[in-house]
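Below is one structure; the comments refer to it alone.
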Amino acid sequence: MSGQTLYDKLWQSHLVEQREDGSALIYIDRQLIHEVTSPQAFEGLRLSGRAPWRVDANFAVPDHNVPTERVERSGGVAGILDPISRLQVQTLDDNCRDFEILEFQVNDVRQGIVHVVGPEQGVTLPGMTIVCGDSHTSTHGALGALAHGIGTSEVEHVMATQCLVQQKMKNMLVRVDGALPDGVTAKDVVLAIIGEIGTAGGTGYAIEFGGEVVRGLSMEGRMTICNMAIEAGARAGLIAVDETTIEYVKGKPYAPKAEHWDAAVAAWRQLHSDADAHFDRVVEMRGEDIKPQVTWGTSPEMVLPVDGVIPDPAAMGNAAQRESTERALHYMGLKPGMSITDIKLDTIFIGSCTNSRIEDLRAAAAVVKGRKVAATVKRALVVPGSGRVKEQAEAEGLDKIFTDAGLEWREPGCSMCLAMNSDKLGAGEHCASTSNRNFEGRQGFGGRTHLVSPAMAAAAAVAGHFVDVRNWQE
Amino acid sequence: MKSFTVLKGIAAPMDRANVDTDLIIPKQFLKSIKRSGFGPNLFDEMRYLDQGEPGQDCSGRPINKDFPLNQSRYQGACVLLARENFGCGSSREHAPWALDDYGFRCIIAPSFADIFYNNCFKNGILPIVLDEAVVDRLFQEMYATEGYELSIDLAKQVVQTPSGESIGFEVDAFRKHCLINGLDDIALTLESADAITAFEQKWRKQSPWLFDVIGNAS
């Protein structure tokens, strides 16, 4: 019998009941809650007269709707100008009060994007099963946890039963060996992976990321990679626990207490795939081959190295591919044969649960330091992932570097990643964005998103168009 | 939950691959704290020529006449024919809520994104996976025949075309059982409450740090 994968181990350790029909009950250690996908779940509990199974397994923070401008933010929930957004954030506060769930409210210094706050606070830990009504819950897999997004009905189900009904996924290993060239980051790695396997390549799988490149990444970089597993179709991304993981968790506010620490670490050290584990699919890539990536279309798989040119649909043999390329180019206002570096930018967005951690902000600040945002760029936003990230960045003087260069320094939240607050792209605007989705309308009606790393976004802000950050001198 | 047993009705096309949940229901409508009322904003950015806002009366908005759901031949459709990777992107259950509110009870595609697929079953919607070539043929037949209707029988796991052709499909046993009987799966899971409690006690002993109370102390 072959050994177990990391996913197999996490599944097995949380299996409450295996049923004959193939479904299983899986125990959930932590549920993260935000304001958008939870109100109907709380309402469901009330209507059915059910109480939460284990209240302190839940943790809430508002992030999608919160304003990021200081003036609007300073008024707390009551100060949110959009009445519909205000009601949604207020509803989360009310529900958490009524059900006695720990919530970091909008002006708590620990507030931020739920997928930044969870690991940063030790609310999410290695070896946990973690769910949230949000597809980017895959982020937490970077800690060696089984974490994935669920719908609102399942949010209610987990509240009421502490379990999920699941079918076991298949195992995929994406191994990136070798070393990354200077200027190439975790974001480029995950975009290159999505370019390789496609947006549906991981459907039905839990993807474990491994290899020398992944082992060499910081926790921030690992979270960036697992965050976008869902963009490759996989609900869950995973990375084995190692010293980097344990060092990261140590000292976090909700990390295991002293009397449990050694036992926890001993358990976490088992959280890796066995050498003889079986994977249903293995994808191998070399770090040396990866260049800075830029998406040119309306799906994350429509991605090219920065020295690439826009593809020509006329040259495509497959009719469906031709049609979707034509549609994407029309929406994006781009022509076949155009160089990626000729795409001009109107807006720059540095933030989101993909790239708003301290390392991301440092990378962007290093590029813009002593430079200015191009006159043709209308707006450049830097939105830290949490109040703690913001504090840290300010202590390092990064905020000053950004504002001196002409970028706006904002309050934490999801912001322009999905434009549920007032941070939106205008129709036709091109945006270099460190977020995760370039879908039509995602960042604003008619907006045109190009997904890139923080360093690439920062360089584009200064140049006014995409540049290869590896050899870029202004 | 609504049960799903048999369905017969007009099929309408969503003829593009990788339809994401932002296309199915744009984010501004996710600000609602209700489960219902999303139907008028289903496929909002393709269906209307202007930008939709929550709470707006959609009856006076300029419509995109080329969009199938705006054409008379597809009015009253309850089956949606779609292409591969339908429902990719976010986990928003507002996507199946919007499809259901509009009147769709069944979606047929060569493949679905995982979270969306699962969310459909929680809302009485049956997502059916058929071979790509078969879906393509259904598209051609539908385009060629105004009033093209499909019949779906979940118990028999069969889709029937107007010509009488029967196409079998797979669905896992547990989901089928819940859908046919319109079961509340929370109530079903709570039948295993003793097993959950037993697991929890064992797990707490083994991994006590996972049960540390997270409070506001920090």
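The values are calculated or read from the model by the stated rules, or taken from the named source; none is laboratory data. Because the structure is a prediction, the values reported are computed rather than measured. Neighbour counts run over all protein chains shown; Cβ positions are idealised from the backbone, glycine included. Ligands, DNA and RNA are excluded from the accessible area calculation, which covers all protein heavy atoms including side chains. Shrake-Rupley method; radii C 1.70, N 1.55, O 1.52, S 1.80 Å.
Checking the stated criteria, residue A:161 turns out not to satisfy the condition of being in contact (Cβ under 8 Å) with a residue 60 or more places away in the chain, of a type in the set (Val, Ile, Thr), facing another protein chain (nearest Cβ under 8 Å) and touching a Cys at 6+ places or on another chain (Cβ under 8 Å). Residues that are in contact (Cβ under 8 Å) with a residue 60 or more places away in the chain, open to solvent by 20 Å² or more (accessible area, probe 1.4 Å) and either within 12 Å of chain B (Cβ to nearest Cβ) or in contact with a Gly (Cβ under 7 Å, 6 or more places away or on another chain) (or both) do occur in the stretch A:6-19, at least one of them. Scan the stretch B:46-64 and report the pairs whose first residue is touching a residue at least 24 places away in the same chain (Cβ under 8 Å) and within 11 Å of chain A (Cβ to nearest Cβ) and whose second residue is crowded, with 16+ Cβ neighbours inside 10 Å and of a type in the set (Phe, Trp, Tyr), with Cβ atoms within less than 8 Å and a gap of 6+ or a chain change. Correct list of pairs: B:52/B:29; B:54/B:29. Counting just the residues of the stretch B:203-218 that are open to solvent by less than 70 Å² (accessible area, probe 1.4 Å), more than 38 Å from the chain's Cα centre (by Cα) and modelled with pLDDT of 95 or more, which one comes out farthest from the other protein chains (Cβ to nearest Cβ)? Among them, the one singled out is B:208. Filtered by the rule that a residue be open to solvent by 60 Å² or more (accessible area, probe 1.4 Å) and within 17 Å of residue B:125 (Cα to Cα), the stretch B:136-168 gives B:155, B:156.
Give me a count of the residues in the stretch A:161-188 that are under 23 Å from residue A:295 (Cβ atoms) and not in a helix (DSSP H, G or I). Of the residues in the stretch A:161-188, 9 are under 23 Å from residue A:295 (Cβ atoms) and not in a helix (DSSP H, G or I). Just so you know, in the stretch A:190-220 the residues that are among the hydrophobic types (A, V, I, L, M, F, W, C) and farther than 18 Å from residue A:143 by Cα include one that is farthest from the other protein chains (Cβ to nearest Cβ), and it is A:192. A count restricted to the stretch A:235-263 and to residues that are in contact (Cβ under 8 Å) with a residue 12 or more places away in the chain, within 13 Å of chain B (Cβ to nearest Cβ) and open to solvent by 40 Å² or more (accessible area, probe 1.4 Å) stands at 2.
Before we move on, is residue A:78 small (Gly, Ala, Ser), in contact with a Ser or Thr (Cβ under 7 Å, 6 or more places away or on another chain) and farther than 24 Å from residue A:121 by Cα? Break it down stepwise before answering.
Working: small (Gly, Ala, Ser): yes; in contact with a Ser or Thr (Cβ under 7 Å, 6 or more places away or on another chain): no; farther than 24 Å from residue A:121 by Cα: yes.
Judged against the criteria, residue A:78 is not a match.
Could you tell me whether any residue of the stretch A:112-126 is over 21 Å from residue A:203 (Cα atoms), facing another protein chain (nearest Cβ under 7 Å) and open to solvent by less than 10 Å² (accessible area, probe 1.4 Å)? Working first, answer last.
Going residue by residue through the stretch A:112-126, those that are over 21 Å from residue A:203 (Cα atoms) are A:112-126.
Now drop any that are not facing another protein chain (nearest Cβ under 7 Å), which leaves A:123.
Now narrow it down to the ones that are open to solvent by less than 10 Å² (accessible area, probe 1.4 Å): A:123.
Within the stretch A:112-126 (the criterion being over 21 Å from residue A:203 (Cα atoms), facing another protein chain (nearest Cβ under 7 Å) and open to solvent by less than 10 Å² (accessible area, probe 1.4 Å)), the answer is yes, since at least one residue qualifies.
Just one of the numbered conditions (1) surrounded by fewer than 16 Cβ atoms within 10 Å (Cβ to Cβ); (2) closer than 30 Å to residue B:160 by Cβ; (3) small (Gly, Ala, Ser) is not true of residue B:59: (2).
I'd like the full set of residues that are among the hydrophobic types (A, V, I, L, M, F, W, C), within 11 Å of chain A (Cβ to nearest Cβ) and either over 21 Å from residue A:35 (Cα atoms) or assigned to a loop (DSSP other than H, G, I, E, B) (or both), limited to the stretch B:26-42.
Pass one, the stretch B:26-42, residues among the hydrophobic types (A, V, I, L, M, F, W, C): B:29-30, B:33, B:38, B:42.
Remaining after also requiring within 11 Å of chain A (Cβ to nearest Cβ): B:29-30, B:33.
Result: B:33, single match.
Exactly one residue out of A:85, A:48 is within 11 Å of chain B (Cβ to nearest Cβ), among the hydroxyl-bearing types (Ser, Thr, Tyr) and open to solvent by less than 10 Å² (accessible area, probe 1.4 Å), and it is A:85.
Is the stretch A:221-234 home to any residue that is open to solvent by 10 Å² or more (accessible area, probe 1.4 Å) and either more than 10 Å from every other protein chain (Cβ to nearest Cβ) or in contact with a strand residue (DSSP E or B) (Cβ under 6 Å, 6 or more places away or on another chain) (or both)? For the stretch A:221-234, residues open to solvent by 10 Å² or more (accessible area, probe 1.4 Å) and either more than 10 Å from every other protein chain (Cβ to nearest Cβ) or in contact with a strand residue (DSSP E or B) (Cβ under 6 Å, 6 or more places away or on another chain) (or both): absent.
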